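Below: the structure, in structure tokens.
The values are calculated or read from the model by the stated rules, or taken from the named source; none is laboratory data. Model, not experiment: these values are computed from the prediction. Methodologically, a virtual Cβ is constructed for each residue, glycine included, from the backbone with ideal geometry; neighbour enumeration extends over all protein chains shown.
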Amino acid sequence: MPAISMKVNGKAVSGNVENRTLLVDFIRTNLGLTGTHVGCDTSQCGACVVHIDGKAVKSCTTLAVACEGAEVTTIEGIAKNGKLHPMQQAFHENHGLQCGFCTPGMIMASIDIVKRNGKKVSEEVIRRELSGNICRCTGYHNIVAAVQSAAEKM
Amino acid sequence: MENFNYHRPATVNAAAALLKKSKGGSYLAGGHTLLPTMKQGLASPSDIIDLTAIKGFSGITVTKSAVVIKAGTAHMDVVTSAAVKKAIPALSEMAGKIGDVHVRQKGTIGGSIANSDPAADYPSACVGLGATIITNKRKIPADSFFTGMFQTALKDGEIITAVSFPIPKKSSHQKFPNPASRYALVGVFVAQDAAGKVRVAVTGAGPKVFRVPEMEAALTKNFAVSALAGIAAKAKGLNQDMHATAEYRAHLIGVLTRRAVEAAK
Amino acid sequence: MSDTGIGARVLRKEDKRFITGKGQYTDDINLKDQTYAYFVRSPHAHATIKSINTAKAKKMPGVVDVFTSKEVEEDKIGGLICGWMIHSKDGSAMKAGPHPILASGKVRFVGDQVAVVIAETREQAKAAAEAVVVSYGVLPHNVDAAEAMKTKAQVHDVAPDNRVFNWSIGDEAATDAAFKTAAHVTKLDIINNRLIPNAIETRAAIGSYDTGSEHYTLYTTSQNPHVARLVISAFHGLAPEHKLRVIAPDVGGGFGSKIFIYGEEVTCVWASKRIGGRPVKWTADRSEAFLCDAHGRDHVSHAELAMDAQGKITGLKVHTIAAMGAYLSTLGSVIPTYLYAILLSGQYNIPNIYAEVDAVYTNTAPVDAYRGAGRPEAAYLVERIVETAARELKIDPAEFRRRNFITQFPHQTPVILAYDVGDYGATLDKALELAEYSSFPARKAASAKNGKLRGVGFSAYIEACGLAPSQAVGSLGAGVGQWESAEVRVNPVGSVEVLTGSHSHGQGHETTFAQLVSDRLGIDINNVSIVHGDTDKVQFGMGTYGSRSGAVGMTAISKALDKIEAKAKKVAAAVMEASTEDIDFKDGTFTVKGTDKKMAFGEVALASYLGHKFNTAEIEVGLKETSFHDPSNFVFPAGVHICEVEVDPDTGLTKIVSYTAVDDFGTIINPMIVEGQVQGGVAQGIGQALYEGCTYDKESGQLLTGSYMDYNMPKARNMPLIENFKLGFTVTKCPSNPLGMKGCGEAGAIAAPPAVINAITNAIGVREIAMPATPLTVWNAMQPMKRAAE
């Protein structure tokens, strides 16, 4: 079982994994960070989205061994010193979640959407770029509102 | 999925050698075709040779006549490249329709065309623009590259290193996606080259990417929607599944080709 | 209204853990020494099990044991039950075939579980599952509800024609008479397409037996942990209730699919003891969820509507074939009967209704409640035939509906239900206004200029929820009551905990229930905690489904609060040396009439627990009260939804360009939460109408739509723009509960499908179109007209 090391949420971590271990399983099982979720097995639902070296990526379709030396950010790592990230705050203020299961991946994806598209990101672009995140509860209405609201503050 | 040996070579030659040595290995680039396939139990390579550490394996160069995209370049980089947007806007737009944003951060052009999925998008751009696929051994014209469903002309020991797209006078990509999978139910890439010759390349509709000679001839004569009047793609031999019949796909080829001609820039 | 009381848009208290990744869903939980279960499932739709060889699997690395029905029968573990008895017209009981937790003798659908491997890791269990050798004798299968009574593929011995029951409601003779004298009859064949719930969290369970205390614990993704405990203990013979703790922690969506008791969680509980007292954890793959979660809908109906010369409806006749799947699921039998046919009057004054339902077995996943559970099927049928009739009679669809609306309440329908209050005309008026219906022709012309076909569709739905009056449902065959419980514990320093039998898996109860308490007791909402989901904490409850947690769950809390207030007044009177009748309680303060004596709620709470200042022989110490509230009636949310679509005639692609929902939910506790429920419900309804189609292959019996690659879930880009999705509310307060609440959780999913399909048929000018109305389906529907035009 090879040993791997990387930075997760700013902290150096290491562990022994099998080559076939997916990053999402390394995060959830080895590191005990269960905020990142598994929602499907065809790389479509987005519940597993994390940031790897600044890019929003599906951690269920990434090998842990391929992340040797990478910088990974999960939902647990975006609040700073107890202060919520504007996107987290926006989801709360806009009722952008109900059961909460898709929420971590949705927030991580949304932060990336704003980063790449800027403060004035349009509703059409947000909806199109949320194609990789499935929510069954909200109908996306308040999620889109949350992303627009956060964009202005990021 | 089954376990495997994992390698991260630093050069193309090392990668090819590792694959040759393996019992039944696979290359890994973005992983968004291979890993889902392995998770479903449909593939279990003995070795995975990760190409993403190879120096200089990704990058985009734009000259006066061509856009050259290295094999390991992620779709997202093609989407955001100002140079590609200027030289072949249709190519940049097409890359932006592949999968979803997360897939585009990892999926690569090399992985896409090596796979030759009948419903992938890049094969339509390669054939539509008359591209050249550059491997570590030779240069292969796109017309000869895609040989069948999930089959290419690549020989043992060959790795795609780059794809060179000649810059057309104008072009457009139109896609009618399978709304669930986002793969092309029908995707059409139309391009008019510097000499006025037109190519019409279709993915999603058949067992592999194909051209439509009748439409190409008509558009070469006159690059206008009216030139396509009375020309219809044939349903025979086209894919048929729960999302689209052969007849519907034939119809969509006509619709998308017309839209491509209108939108070409 | 305070800013945290009833009617306030209070932000959710439960959000913090979800937005920071600190939720505790079942798969997040790991117990010491746990093992993992992986189920071996049938690849065949219908087959005998000739033999199962587990020898090789048992020897594989990490395997603890492998079980089949042999071990289940050894330990005399009971089968899964259907909890609602339905009788056929001839008086015979429904034909319920056995449903063991691991298939015995036969498998009846692709995915039917045949064996379970318990191993040290999930990968090891999965690998060993592949080594279990099952020899099947393949049998003919049938996946089509319409064919079930004609096919030779008999799913259960007890039902030779695959018919579970042949049930009816209403007066057949009177209805037939109405049709004989009708001026106009509209006929429609209607299919309500099968759906797969797909909560984003898949089902999971951890069963754990403690050999020391001989006590079981089950973590389960359940909407109703107490019902799970009741069923597992009563019917499965594993553990009596007092030795079984069931915990439904954070649950990632249910929509009905997590109501039922499935074989997997029962297996985990049983296996845990069988392997010597180690926890057994199971988490479904998404592929498993597709195959094995209870599916929804799957009705094939023929309906006829009789009208007089003025377009007033005089009769409705319905015949429905309802798929039950391969086994009767926990509530499967009631979905197409007492949750369906009793809504066939819709919002209309229909004097004669007769409906007959044949429930049939098919070799598919069991069918049971999915958001709306029977009411979407009724609304779809009624709203499609009403719209079709209006078009045939060339009467504006809004006007046709208005002509037939019930205007006097209470209104007794011919199908059991008596609607208590409503003002359907007011809802319609508001919807027409919000949707700017009068300017639709201008928008249609503008769309046409852009080469698009624009259409508008109505849906005037009503539903019955707030399940349910126990005597009523008991007399109709229910195996359980449908009350709800609440225990309000006031702590000595004045904070309050409410232990509720409701369960929150997205509905925001930790906030809305706290709003009620804060409002009534005049205390800070941050001093209120809502406790749910653990049978060790909450004594009993019936769970959350059927839009009942407001009307029933909150009424239970309200009644418990009545008792708290009454007791507190006694204590306050004693402490302030007044008589109880002179005590007023308002804004969190107890006052003595005509004096300036007062005590804050917190002070009275403390006094209750000190017992210093009152006669504890007359007034018991403490301040904690329980209420079990059994509703006296269903509640009847109703509304009008108007959908506008644009169809691209070149491709058949449909875009929802505007959606207007006006609903009457009675009193709204938190408008933000209610709007969210409508938005989410409408999204699922749009999913049914445009995108989602569960398809089994007739030839092979395989589930063709077994993943998100083929089963199209609505995405953000499919929903209308924020500015084009308008919500409005009218209010007629429900008279059967003190808060005046109806239910809102399912309304969107009930209302949306007919609105969308009515809009598409209007846009392209066809009479009928199937759901989901995919581009291919729409394009195909347009071809005959194109050819005719050429």
Discussion item. What's the total number of residues in segment C:731-772 that are farther than 25 Å from C:Leu393 by Cα and either of a type in the set (Gly, Ala, Ser) or within 14 Å of another protein chain (Cβ to nearest Cβ) (or both)?
Written reply: 10
Item to complete: State yes or no: is C:Gly21 outside any strand (DSSP E or B), without any contact (Cβ under 8 Å) to a residue 12 or more places away in the chain and either assigned by TED's automatic domain parsing to the domain that holds C:Gly706 or closer than 30 Å to C:Val357 by Cβ (or both)?
Response: no
Discussion item. Every residue in segment A:67-114 that is surrounded by fewer than 20 Cβ atoms within 10 Å (Cβ to Cβ), more than 9 Å from chain C (Cβ to nearest Cβ) and without any contact (Cβ under 8 Å) to a residue 60 or more places away in the chain, please.
Written reply: A:Lys80, A:Asn81, A:Gly82, A:Lys83
Worksheet, complete the sentence: Scanning segment B:165-193 for residues that are in a strand (DSSP E or B), of a type in the set (Gly, Ala, Ser) and farther than 15 Å from B:Met149 by Cα gives B:Ser171, B:Ser172, B:Gly187, B:Ala191
Item to complete: Tally the residues that are outside any strand (DSSP E or B) and touching a Lys or Arg at 6+ places or on another chain (Cβ under 8 Å), restricting the search to segment B:53-78.
Response: 7
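Every residue, every condition in (1) on the phi > 0 side of the Ramachandran plot; (2) in a loop (DSSP other than H, G, I, E, B); (3) in contact with a strand residue (DSSP E or B) (Cβ under 6 Å, 6 or more places away or on another chain), yes or no:
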{"residue": "B:Ala195", "(1), (2), (3)": "no, yes, no"}
{"residue": "B:Arg199", "(1), (2), (3)": "no, no, yes"}
{"residue": "B:Glu216", "(1), (2), (3)": "no, no, yes"}
{"residue": "B:Phe223", "(1), (2), (3)": "no, yes, yes"}
{"residue": "B:Ala232", "(1), (2), (3)": "no, yes, no"}
{"residue": "B:Gly237", "(1), (2), (3)": "yes, yes, no"}
{"residue": "B:His251", "(1), (2), (3)": "no, no, no"}
{"residue": "B:Leu256", "(1), (2), (3)": "no, no, yes"}
{"residue": "B:Ala260", "(1), (2), (3)": "no, no, yes"}
Worksheet entry | Conditions (1) acidic (Asp, Glu); (2) without any contact (Cβ under 8 Å) to a residue 40 or more places away in the chain; (3) surrounded by 22 or more Cβ atoms within 10 Å (Cβ to Cβ); number of the one not met by B:Asp121 | (2)
Practice prompt. Output the residue which, of all residues in segment A:22-41 that are among the polar types (S, T, N, Q) and facing another protein chain (nearest Cβ under 9 Å), is farthest from A:Asn133 (Cα to Cα).
Written response: A:Thr29
Worksheet item: Are there any pairs with C-beta distances below 9 angstrom linking a residue in segment C:462-489 that is crowded, with 19+ Cβ neighbours inside 10 Å and modelled with pLDDT of 90 or more to a residue that is part of a strand (DSSP E or B) and of a type in the set (D, E, K, R), with the two at least 6 apart or on different chains, and if so which?
Response: C:Ala486/C:Glu625; C:Glu487/C:Glu497; C:Glu487/C:Lys624; C:Glu487/C:Glu625; C:Val488/C:Glu497; C:Val488/C:Lys624; C:Val488/C:Glu625
Worksheet item: Here are some conditions: (1) in contact with a helix residue (DSSP H, G or I) (Cβ under 6 Å, 6 or more places away or on another chain); (2) not in a helix (DSSP H, G or I). C:Pro376 meets all but one. Which one does it not meet?
Response: (2)
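Results for (1) over 21 Å from C:Gly652 (Cα atoms); (2) of a type in the set (A, V, I, L, M, F, W, C); (3) within 13 Å of chain C (Cβ to nearest Cβ), shown as yes or no for each residue.
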{"position": "B:Ala205", "(1), (2), (3)": "no, yes, no"}
{"position": "B:Lys208", "(1), (2), (3)": "yes, no, no"}
{"position": "B:Val212", "(1), (2), (3)": "yes, yes, no"}
{"position": "B:Val225", "(1), (2), (3)": "no, yes, yes"}
{"position": "B:Ala232", "(1), (2), (3)": "no, yes, no"}
{"position": "B:Gln240", "(1), (2), (3)": "no, no, yes"}
{"position": "B:Ala244", "(1), (2), (3)": "no, yes, yes"}
{"position": "B:Ile253", "(1), (2), (3)": "no, yes, yes"}
{"position": "B:Leu256", "(1), (2), (3)": "no, yes, yes"}
Item to complete: Keeping to segment B:151-197, report how many residues are touching a residue at least 60 places away in the same chain (Cβ under 8 Å), more than 14 Å from every other protein chain (Cβ to nearest Cβ) and touching a helix residue (DSSP H, G or I) at 6+ places or on another chain (Cβ under 9 Å).
Response: 19
Response to the item:
Over segment A:37-63, the set of residues touching a Gly at 6+ places or on another chain (Cβ under 8 Å) and not β-branched (Val, Ile, Thr) is A:His37, A:Gly39, A:Gln44, A:Cys45, A:Gly46, A:Ala47, A:Cys48, A:Lys58, A:Leu63
Fill in: Of the criteria (1) under 23 Å from B:Val101 (Cβ atoms); (2) crowded, with 24+ Cβ neighbours inside 10 Å, which one B:Val202 fails
(1)
Worksheet item: Do you know which residues across segment C:125-168 are closer than 19 Å to C:Ala45 by Cβ, hydrophobic (A, V, I, L, M, F, W, C) and buried (at least 18 other Cβ atoms within 10 Å of the Cβ)?
Response: C:Val134, C:Leu139, C:Val143, C:Ala145, C:Ala148, C:Ala153, C:Val155, C:Ala159, C:Val164
Item to complete: Just need a number here: residues in segment C:459-507 that are of a type outside the set (A, V, I, L, M, F, W, C), in a loop (DSSP other than H, G, I, E, B) and farther than 19 Å from C:Thr544 by Cα.
Response: 5
Fill in: segment B:14-45, subset more than 12 Å from chain A (Cβ to nearest Cβ) and over 24 Å from the mean Cα position of the chain (by Cα), residue surrounded by the fewest Cβ atoms within 10 Å (Cβ to Cβ)
B:Lys23
Item to complete: Just one of (1) more than 14 Å from chain B (Cβ to nearest Cβ); (2) of a type outside the set (A, V, I, L, M, F, W, C); (3) without any contact (Cβ under 8 Å) to a residue 24 or more places away in the chain trips up C:Lys786, so point out which.
Response: (1)
Worksheet item: When you look at C:Asp15, is it free of Cβ contacts under 8 Å to residues at least 24 places away in the same chain and among the acidic types (Asp, Glu), yes or no?
Response: yes
Worksheet item: What's the number of the condition C:Gly7 fails, among (1) at negative phi; (2) away from every other protein chain (no Cβ under 14 Å); (3) out of contact with any strand residue (DSSP E or B) (no Cβ under 6 Å at 6 or more places or on another chain)?
Response: (1)
Discussion item. Out of C:Ile77, C:Ile101, C:Ile6, C:Ile49, I need the residue that is touching a residue at least 12 places away in the same chain (Cβ under 8 Å), in a loop (DSSP other than H, G, I, E, B) and in contact with a Phe, Trp or Tyr (Cβ under 7 Å, 6 or more places away or on another chain). Which one?
Written reply: C:Ile77
Worksheet item: Are any of the residues in segment C:264-275 among the basic types (Lys, Arg) and crowded, with 23+ Cβ neighbours inside 10 Å?
Response: no
Discussion item. Quick test for you: out of C:Lys273, C:Lys317, C:Lys281, C:Lys312, pick the one residue that is touching a His at 6+ places or on another chain (Cβ under 9 Å) and farther than 19 Å from C:Ala369 by Cα.
Written reply: C:Lys317
Worksheet item: Considering only residues of segment C:492-523 that are small (Gly, Ala, Ser) and over 27 Å from C:Ala199 (Cα atoms), which is nearest to the other protein chains (Cβ to nearest Cβ)?
Response: C:Ser518
Discussion item. With the structure loaded, tell me whether C:Ile29 is over 30 Å from C:Leu704 (Cα atoms), within 27 Å of the chain's Cα centre (by Cα), within 14 Å of chain A (Cβ to nearest Cβ) and among the β-branched types (Val, Ile, Thr) or whether it fails that test.
Written reply: yes
